[in-house]
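Input: a single structure, listed below in structure tokens.
Quick note: the coordinates plus some simple rules give every number you see, no bench work behind them. Just so you know, these numbers come straight off a predicted model, no measurement behind them. Don't worry about glycine lacking a Cβ; one is built from the backbone with ideal geometry, like all the others, and counts go over all protein chains shown.
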Amino acid sequence: MILAGIGLSLVFLLFVFGRFVPEKEKLTKTDSSVAAPAVSTFSIDSARSSVEKSLTGELNLALKNLEQKLKAASTSATQLAAYHELAHFWSEEFRYFELYAWNEALAARLENSEKSLTFAARLFLDNLQEDPDGPRRQWKALQAKDLYERSLKINPNNDSTKVGLGACYLFGNISTNPMEGIALIREVVQRDSTHVYAQLTLVKASILSGQFDKGITRLQTVIKVEPRNIEAHLLLADLYERTGEKKEAVKWYEKSLQLIEQPEIRQAIKDRIGALK
């Protein structure tokens, strides 16, 4: 589902709705008036209790067997296996993202490796950017933040992890100061202007603050580094459209068609091109 660091469905929403976060959450560059609680009001325990009540028959039996397996686990290895089985149950059998990611996060904290922690963190971070529910989005950001911080304790020099941590503040509304997250990401860009993940994250920050010209400049840098980066092409076309430069927007939408195979995305882009001409 991940495409160049952004969810494929998120790219699709970018074209259909022209944004990647709810409009009411957008902030100006210096706006710190949207104060977020330290703890989200979303509860994973309440969510699990609610959804478990709807399970019947084979699904209910399968879940009970998996939960019993976790309770009986006597070693870290068997606990890890049980968490992963529960994660796959919620992902494949019931398609409930929050419980899938929660169990992957529990496994990652138990394993405590840089790879597992960043994997689980990225699950939350990618998904929260598509989530219109404020408290649930905050909960995901807090989960990702904790996982990234644990990963940085293992490897303090991982710039991508630092960018991910900054993005939690930027997109999760977990701080009274949105610039706190941007500062973390800028530190990475100052050391390495070709860091694609950092540049793309700052592009999204530019969109949030309405600084479209800055976003365009950063995207041009990204495309020089990665000429076939689909996300950069789509965002660049979108930003040109936002600034009223329709010809440039059409040009970059058409360039993106050379990189995209998914029929539904291609059709959305063609529709957008038709609307601009």
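Data for the structure
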| read-out | value |
| --- | --- |
| Dipole of the chain [Lys/Arg +1, Asp/Glu -1 at C-beta], most positive-end residue of 260, 210, 42 | 210 |
| Whichever lysines have a C-alpha closer than 20 Å to that of residue 214, once near sequence neighbours (fewer than 8 apart) are set aside | 26, 29, 204, 224, 246, 247, 251 |
| Restricting segment 206-277 to chymotrypsin sites (Phe, Trp or Tyr not before Pro) in coil, as DSSP defines it, with at most 11 other Cβ within 10 Å | none |
| Dipole magnitude (debye, nearest 20) for segment 56-160, charges at Cβ of Lys, Arg, Asp, Glu | 320 |
| Label-point separation in nm, residue 133 to residue 68, each point 7 Å along Cα→Cβ | 3.0 |
| Simple label model, 7 Å out from Cα along Cβ direction - residue 213 to residue 243, nm | 0.8 |
| Among (1) 15.8; (2) 14.6; (3) 20.8, the entry that matches mean projected area of the Cα convex hull in nm² as calculated here | (1) |
| Unit charges on C-beta of K, R, D, E only; dipole of the chain, Debye | 560 |
| Cleavage-rule hits (GluC sites (Glu not before Pro)) in segment 193-277: DSSP loop, at most 11 neighbouring Cβ within 10 angstrom | 261 |
| Where labels lie 7 Å past Cα in the beta-carbon direction, separation of residue 96 and residue 262 in nm | 2.5 |
| Charge dipole of the chain about the Cα centre (unit charges at C-beta), most positive-ward option of 190, 54, 105 | 190 |
| Neighbour-count order for 41, 221, 75, fewest beta carbons within 10 angstrom listed first | 75, 41, 221 |
